[in-house]
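Here the structure is laid out as structure tokens; the discussion comes afterwards.
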Amino acid sequence: MDNGRLRYIELFLDSVDSVECGRKGSISENRRLVSEYRSDYYSVIEPHLKSSSPRVRMEVVILLSKLKERKALEAVKHMRIYDNDLISGACLAYLDAIGDEDDSIPKLIDTLRHTNGAEFKAAALKLRNMARDVDVPALRGIYGQVGEDLKEPMMRILTSVISRYPELRSKEDLILSDPVYPNEKDLVRFLDKSIVYMDIRYRDNYSQESAVSLEMYNKMASAFKKIQIRLYNEKANLRYYSDDTRKMYDDAEDLLLWAFGDLSSKEVIGAEKGDGIHRCPHCGGKMGKTIRGWICPECGFSI
């Protein structure tokens, strides 16, 4: 367990104890519980929405409204109907806070699309704490279109979204990669080379082998990762391409899924020499080392 999470748990539980001892506001007015919060700390807070203490339940809802933590939405909707009037009022405040933010996000994204300079950067700063996982495709579209001077604010928004939605971390390399402009001829060339690499070179030379060297494992993991990133970035462009190109894309995607699975199933020779094989913390598969660090060829998680 990391030290930040441990500190937060201790701080939160101390605040819960204080409320249970009659000290009002120990949770809802604790600034550190807001400033030090991360989305993956929600699991620390969630059980206390069902606390036997009405005061604790109410203050937890108030805290979640300040955090604008959407993971609590369904639970708070239920509490709004079935809990007592005191807590129902706190639930309404939470729902209003989430609703107001949701209304603002499309306007801020539109600002990013049509402005630059100070107005762009002000909208980007707000979105760093507000953008949701469902906003990633729109944000990536803007990220691929802006000039170099505006790429950093967009990168910070996307990084912030990833940090608040742990389920996105396995796709971090994909999300933070540069989107590509539609270019059907270039994509066809890339797909042709990728299909040859996976369906002929890899299949003929390695798919029947039960073991590969560590060097070869890492080389192939890196190659598959490059293919995965390009396919991810072309997904939104497929509507501009012909049926034949889309079919070729689907074939490459199916081959990549097979190749990832085949590679991850192999024994890696040389791991005992100190280089080691890292196990993916996301899916448990074998990770390969590339110039960008350790990457899991099965799920794309990287460290």
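For Arg189, the criteria (1) surrounded by 19 or more Cβ atoms within 10 Å (Cβ to Cβ); (2) assigned by TED's automatic domain parsing to the domain that holds Asp244; (3) not hydrophobic (A, V, I, L, M, F, W, C) hold in every case but one, which is (1).
Let's see how each residue does on (1) hydroxyl-bearing (Ser, Thr, Tyr); (2) touching a residue at least 40 places away in the same chain (Cβ under 8 Å); (3) loosely packed, with under 15 Cβ neighbours inside 10 Å:
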{"residue": "Asp17", "(1), (2), (3)": "no, no, yes"}
{"residue": "Tyr37", "(1), (2), (3)": "yes, no, no"}
{"residue": "Arg55", "(1), (2), (3)": "no, no, no"}
{"residue": "Val61", "(1), (2), (3)": "no, no, no"}
{"residue": "Glu74", "(1), (2), (3)": "no, no, yes"}
{"residue": "Pro106", "(1), (2), (3)": "no, no, yes"}
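Within the range 76-93, can one find any residue that is closer than 18 Å to Ser26 by Cβ and of a type in the set (Ser, Thr, Tyr)? Checked against the condition, which is being closer than 18 Å to Ser26 by Cβ and of a type in the set (Ser, Thr, Tyr), the range 76-93 yields no hits at all.
Listed here are the residues, each with its yes/no results for (1) among the charged types (D, E, K, R); (2) touching a strand residue (DSSP E or B) at 6+ places or on another chain (Cβ under 9 Å); (3) without any contact (Cβ under 8 Å) to a residue 12 or more places away in the chain; (4) not assigned by TED's automatic domain parsing to the domain that holds Lys266.
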| position | (1), (2), (3), (4) |
| --- | --- |
| Ile109 | no, no, no, yes |
| Glu119 | yes, no, yes, yes |
| Asn129 | no, no, no, yes |
| Arg132 | yes, no, no, yes |
| Pro137 | no, no, no, yes |
| Met154 | no, no, no, yes |
| Leu174 | no, no, no, yes |
| Asp199 | yes, no, no, no |
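Of the helices (runs of 4 or more DSSP H) contained entirely in the range 1-117, those carrying at least 3 residues that are within 25 Å of Ile162 (Cα to Cα) and among the hydrophobic types (A, V, I, L, M, F, W, C) fall at 3-20, 54-67, 73-82, 85-114.
Confirm whether Glu152 is modelled with pLDDT of 90 or more, surrounded by fewer than 17 Cβ atoms within 10 Å (Cβ to Cβ) and within 20 Å of the chain's Cα centre (by Cα). Here the answer is yes, as Glu152 does meet what is asked.
Just to be sure before I move on: is Arg80 surrounded by fewer than 18 Cβ atoms within 10 Å (Cβ to Cβ), over 29 Å from Asn233 (Cβ atoms), basic (Lys, Arg) and at pLDDT 90 or above in the structure I sent? So Arg80 fits the description; yes.
Among the residues of the range 178-219, those identified as modelled with pLDDT under 90 and either under 25 Å from Asn237 (Cβ atoms) or touching a Phe, Trp or Tyr at 6+ places or on another chain (Cβ under 8 Å) (or both) are Asp178, Pro179, Val180, Tyr181, Val212, Met216.
Of the residues examined, Leu125 is one that is more than 30 Å from Arg230 (Cβ to Cβ) and not assigned by TED's automatic domain parsing to the domain that holds Ser52.
The values are calculated or read from the model by the stated rules, or taken from the named source; none is laboratory data. For clarity, every value in this text was computed on a predicted model and none was experimentally measured. FYI the Cβ positions are ideal-geometry reconstructions off the backbone, even for glycines, and counts take in every protein chain you see.
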